[in-house]
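The next block holds one structure in the form of structure tokens; read it before the comments.
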Amino acid sequence: MLKNIILVCALFMLPAAAYAQDAVVERPHWSFEMKAGNFEPDLPEWTRYHGRKDMPEYGAAVAYKFIRQVEAGVELGYLTAKGPALAPRHNNLLTGSSTYSLFPVNAFVIFRGVFNEKQWLVPYAGGGYTKMFYREQVEGQSTIKGSADGYHGRAGVQLLLDVLDPGGSNNMYMEYGIFHTYLFVEGKYTRAVVSSTNLGGTSYLAGLLFEF
């Protein structure tokens with residue numbers, strides 16, 4: 001009798017054990033994020049010549065999760081502003097009206113403080129290598145362009161949006177394989193020097209993060 005009871009209990013526990021195993025395996029392995037915000041350059045006299053202390057910044061990144069809390073990836077950015085020409089390779093001499101653009105490429109590692117898939121707030125921090133491409137198109141003159149090597153660091157916090165619309169979140173998973181969607185805000189500092197001039201600065205960004 002006792003053997004039969006144990007056998008029946010074991011049969012009922014098999015689906016639960018299988019579900020638990022699937023729960024461990026089924027986790028996001030990739031992340032994709034889109035962001036936008038303001039960038040405050042460290043270039044001398046930037047505010048004086050441009051009439052404002054910042055310029056718009058846009059970016060996107062994709063990363064692979066080695067474990068739930070650690071991921072590595074690549075980020076591409078785009079920044080542009082119009083104003084007087086500031087030649088970074090010529091001591092920032094004024095050379096007329098210009099369009100100044102930056103194209104940062106970042107290779108990074110991120111550490112996310114997530115320990116529960118239903119965790120509302122997730123802090124994170126990371127950084128890595130930066131390759132900063134710059135271009136200044138001067139009106140009536142030649143285009144100045146080049147690149148600089150450097151580094152960046154960033155930190156922020158992300159808010160889980162799944163709980164606001166569980167049905168929509170479930171559809172995102174069923175149709176696109178997206179486990180979680182987050183809204184995030186972050187601060188980032190970049191340093192990339194060319195001819196003793198730092199092309200980097202401080203960024204204040206917000207965006208959406210998708211984990212799949």
Post the alpha-carbon centroid distance, region 174-212 to region 101-172, in whole angstrom.
2 Å
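Order by neighbour count: 32, 108, fewest other Cβ atoms within 10 Å first, most last.
Numbers: 32 15, 108 21.
The most exposed by this proxy come first: 32, 108.
Show me the trypsin sites (Lys or Arg not before Pro) within region 27-63 that DSSP assigns to loop and that have at most 16 other Cβ atoms within 10 Å of their Cβ.
Numbers: sites: 35, 48, 52, 53; in loops: 52, 53.
Filter output for region 27-63: 52, 53.
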Between residue 26 and residue 97, what is the FRET efficiency for a Förster distance of 41 Å, r being their Cβ-Cβ separation, to the nearest 0.05?
0.15
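Would you kindly state how much longer the chain becomes between residue 139 and residue 60 on full extension, computed as 0.36 nm times their sequence separation minus their alpha carbon distance, in nm to one decimal?
Details: separation 79, 0.36 × 79 = 28.44 nm, distance 3.00 nm.
Extra length from residue 139 to residue 60 when fully extended: 25.4 nm.
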Bins of 5 Å, beginning at zero and ending with the bin holding the largest distance: percent of Cα pairs per bin for region 109-212, please.
3, 11, 16, 16, 13, 11, 10, 8, 6, 4, 2, 0
What residues of region 135-177 lie in the reach of a label at residue 109, counting those whose backbone N is under 17 Å from a point 7 Å from the Cα along Cα→Cβ?
151-155
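Within 13 Å, Cβ to Cβ, of residue 208, how many net charges do the neighbouring residues add up to if Lys/Arg are +1 and Asp/Glu are -1?
Values: positive: 35; negative: 33, 162, 186, 211.
My count for the surroundings of residue 208 gives -3.
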Ranked list, fewest to most other Cβ atoms within 10 Å of each Cβ, for 124, 58:
58, 124
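Here, each number is a calculation from the coordinates, and none is a lab measurement. This structure is a prediction, so every number in the text was calculated from the model and none was measured. When we count neighbours, we look across all protein chains shown, and the Cβ atoms used for this are built from the backbone with ideal geometry, even at glycine.
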